[in-house]
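See below for the structure under consideration.
The values are calculated or read from the model by the stated rules, or taken from the named source; none is laboratory data. What you see is a predicted model, and the numbers here were worked out from it, not measured in a lab. Cβ coordinates were reconstructed from backbone atoms using ideal geometry, including for glycine residues, and neighbour counts include every protein chain displayed. Ligands, DNA and RNA are stripped out before the accessible areas are found, and what is left, the full protein with its side chains, is counted by its heavy atoms. Shrake-Rupley method; radii C 1.70, N 1.55, O 1.52, S 1.80 Å.
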Amino acid sequence: MNNFRLNPQVKPKHYKLHLDLDLDQARFEGSAEIELDLAEDASEIILHALELDITSATVMSNGSEIPLGGWSINPDSETVSFTLDRSVTAGSETRLKVDFNGAFNSKLIGIYLSTFNDDDGNEHRIASTQFEAPHARRAFPCFDEPEFKASYEISLTADSSLSALSNGKNLDAIDNGNGRTTHSFEKTIPLSTYLVAFVVGPLEISEPIDVRGTEVRVAYRPGREGLDSFAKDVAKFSLDYLTDYFNIDYQGNKIDLVALPDFEMGAMENHGCITFRETALLVDESRATQPELERTADVIAHELAHMWFGNLVTMKWWHGLWLNEAFATFAEMKVVDAMFPEWDRWGSFMRSRSAAFETDATSSTRPIEFNVESPAEAEAMFDILTYEKGASLVRMLEQYVGEDAFRDGLRHYMNTFKFANTDTPDLWSSIDSTTDGAASAMMESWIFTPGFPTLDCSVQEQTLTVTQDRIDLLGANESEGNPQWVVPLSYRIAAGQNSQTEKHLLTEASVDLQIADPNSDCIIVNAGGDAFARVTYSEDMLAACAENLDLLSHVERYNLIDDAWYSVLAGRNSAGSFLTLLEAFSAEES
């Protein structure tokens, strides 16, 4: 097996990166000067490079050049190794400078060309980047792992008719006198390579708006003028909300939201230079439907949440990608729900949660977090389990420990690890510090166990019995070694318009809970719908809920139908019983 990991004793501290981009020829050349941090003596320096031609390299240590024995490229491990004639000493001031060239690709990863036609049918090109998962190595030699954070000074040379954007604010544009211009950008905060970005092309750039000292602009191809106002409004609200939520200022002085005609994902959270699929950023408010506006607001809020969770504090390795995306999905819900409460964003999220249930109910599902060895394996994490199930679990934890305690735990996490890298347990420990320690105990069972619990519920006299097990959509009960989750169980005893909500942390396979009011109209298990669990009621409990739908919230009514249908698919209940339940919903308006 190839070793895809680099030596952690040799790390980058700072990059000076220059690229000269020829969009007509679809090629580029560049230089990367990397200031290194050596924790041990080194006679070889290995970093990532893929589909690049290395033309020259020099190593300087404490002001003296170290002769090179040469370099070799390993396409299998996607690395380049520089052999030194003598070792450089740990702690010495060491710099590696590499000159290289390469071609734009057509895969929408690394450094690639996006094309569009103007109104006259003329084709135009935009050079853009997409470095997640590890594709920065396709654009410049680098330490292409999340934990190798470094600051960047980037400059770009291109045709003078084109605009240029990168992570930092534009410092200057020098006319080279040959129809080409070199653009320089401010030094960045420490970033992982996958968050580096640059875009060059015939772009229009809107006038900036100021959000607490941060300039926010929208960049788009000609002909898309006037479609950026909604994006600016959402960006302003999001930045205000997230700054207050984390109690940490955005670490930068500008954010460009860049609309691209060709883009692999919905958007990418490059620090200060967020790239979007055009249809996920630009929208005509006068003609757009609510779902279209909602989609745009979701994506913008999601990417801006990453400016803190992901960019400021970053995963150590790709197995932590799920938490990066799960939290941003959770945060987008909070931001959009606060900006547009009439959209009931948490209510509509239940449909996404149901889709995650469908995937997670199969025998081929996977744990949320799993071991990642190679870059290709990291790509497998971009799925509904990472985003929708992951966000559901973050929401479940927040609702269990309380919104204020959860937020305070996040602030502790951000302040403790800002500009650094973490593993998943670091977040749970931070939330433990502001709660009763439930996060670590509860979340491990959800992160490393595939599937979800089905809660079988029945009532005898004054006792509610809840039993958890796991079933798949074929109705198979995995009784042998059946996993147990730590379930934050909330149940409401409703009597008329009075109700009493009780909570219990279900740590065992089954529990008997005493019911305070045996004459209640109905008992709603998973009250509020926050636990990522299905509920199967006994016939009498289901009938009682159906007769008292006015005592259930719209989310609880949705779950009642959704869980009942799941029970039919899993062979637990008959289709006839489901149709009977549906009759009770004849007056449903939500």
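Quick one: dipole size for the chain, taken about the Cα centre, charges +1 on Lys/Arg Cβ and -1 on Asp/Glu Cβ, in debye to the nearest 20.
Numbers: 43 positive and 96 negative charges, 226 e Å.
Magnitude of the dipole: close to 1080 debye.
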Considering only DSSP beta bridges with both partners in the chain, what is the antiparallel share in %, to the nearest 5?
80
Across region 458-466, in residue order, what do the Karplus-derived ³J(HN,Hα) couplings come to in whole Hz, using 6.51 cos²θ - 1.76 cosθ + 1.60 with θ = phi - 60° and x for Gly and Pro?
8, 10, 10, 6, 9, 10, 9, 9, 10
For the table Lys254/Lys389; Lys169/Lys316; Lys13/Lys316, the rows whose alpha-carbon distance is greater than 25 Å are Lys254/Lys389; Lys169/Lys316
Note the angle between two axes, namely the Cα long axis of helix 554-569 and the longest principal axis of the Cα atoms of the chain, as a number of degrees from 0 to 90, rounded to the nearest 10.
90
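Which order do Glu269, Glu539 take by accessible area at a 1.4 Å probe, largest first? The partial results should precede the final answer.
Details: Glu269 5, Glu539 165 Å².
Sorted by accessible area, descending: Glu539, Glu269.
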Trp317 to Gln484: FRET efficiency via 1/(1 + (r/R0)^6), r the Cβ-Cβ distance, R0 30 Å, to the nearest 0.05?
0.60
Over its alpha-carbon atoms, the chain yields an Rg and a Dmax in Å of 27.0, 89
Glu373 accessible area, 1.4 Å probe, all protein chains in place, Å² to nearest 10
80
Taking all protein chains in place and a 1.4 Å probe, what share, in percent, of the accessible surface of the chain do carbon and sulfur account for?
45
Residue (of Val525, Tyr566, Asn253) at the positive-pole extreme of the chain, dipole from beta-carbon charges:
Asn253
Farthest toward the dipole's positive end in region 271-400, which of Val335, Leu397, Pro291, given Cβ charges of +1 (Lys, Arg) and -1 (Asp, Glu) about the Cα centre?
Leu397
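Counting only protein chains, not ligands or nucleic acids, how are Met60, Met381 ordered by accessible area (probe 1.4 Å), most first?
From most exposed to least exposed: Met60, Met381.
If DNA, RNA and ligands are ignored and the probe is 1.4 Å, what is the ranking of Glu556, Glu547 by accessible area, most exposed first?
Details: Glu556 15, Glu547 145 Å².
Result, largest first: Glu547, Glu556.
Taking only protein heavy atoms into account and a 1.4 Å probe, give the accessible area per residue of the chain in Å².
Working: 23290 Å² over 590 residues.
In whole numbers, the chain has 39 Å² accessible per residue.
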So, taking all protein chains as they sit and a 1.4 Å probe, how much accessible area belongs to Arg5, in Å² rounded to tens?
100
Which value in deg cm²/dmol, rounded to the nearest 500, describes the helix-derived mean residue ellipticity at 222 nm for the chain, given -39,500 (n - 2.57) per DSSP H run of n ≥ 4 and division by the residue count?
-8000 deg cm²/dmol
Place +1 on the Cβ of every Lys and Arg and -1 on the Cβ of every Asp and Glu in the chain, take the dipole about the Cα centre, and give the residue among Gln484, Asn178, Leu21 whose Cα lies farthest towards its positive end.
Asn178
What is the helix-to-structure angle for 321-339, meaning the angle in degrees between its Cα long axis and the longest Cα principal axis of the chain, kept from 0 to 90 and rounded to the nearest 10?
70
Computed on alpha carbon atoms, what radius of gyration and Dmax characterise region 257-359, expressed in Å?
14.2, 44
Given a cut-off of under 8 Å on Cα pairs at least six residues apart, what relative contact order in percent is computed for region 422-470?
23
Output the relative contact order of the chain, whole-number percent, from Cα pairs under 8 angstrom with separation of 6+ residues.
9
Roughly how much of Thr580 is accessible, in Å² to the nearest 10, using a 1.4 Å probe?
90
Does anyone have the angle between helix 345-360 and the longest principal axis of the chain? Alpha-carbon axes, 0 to 90°, nearest 10?
90
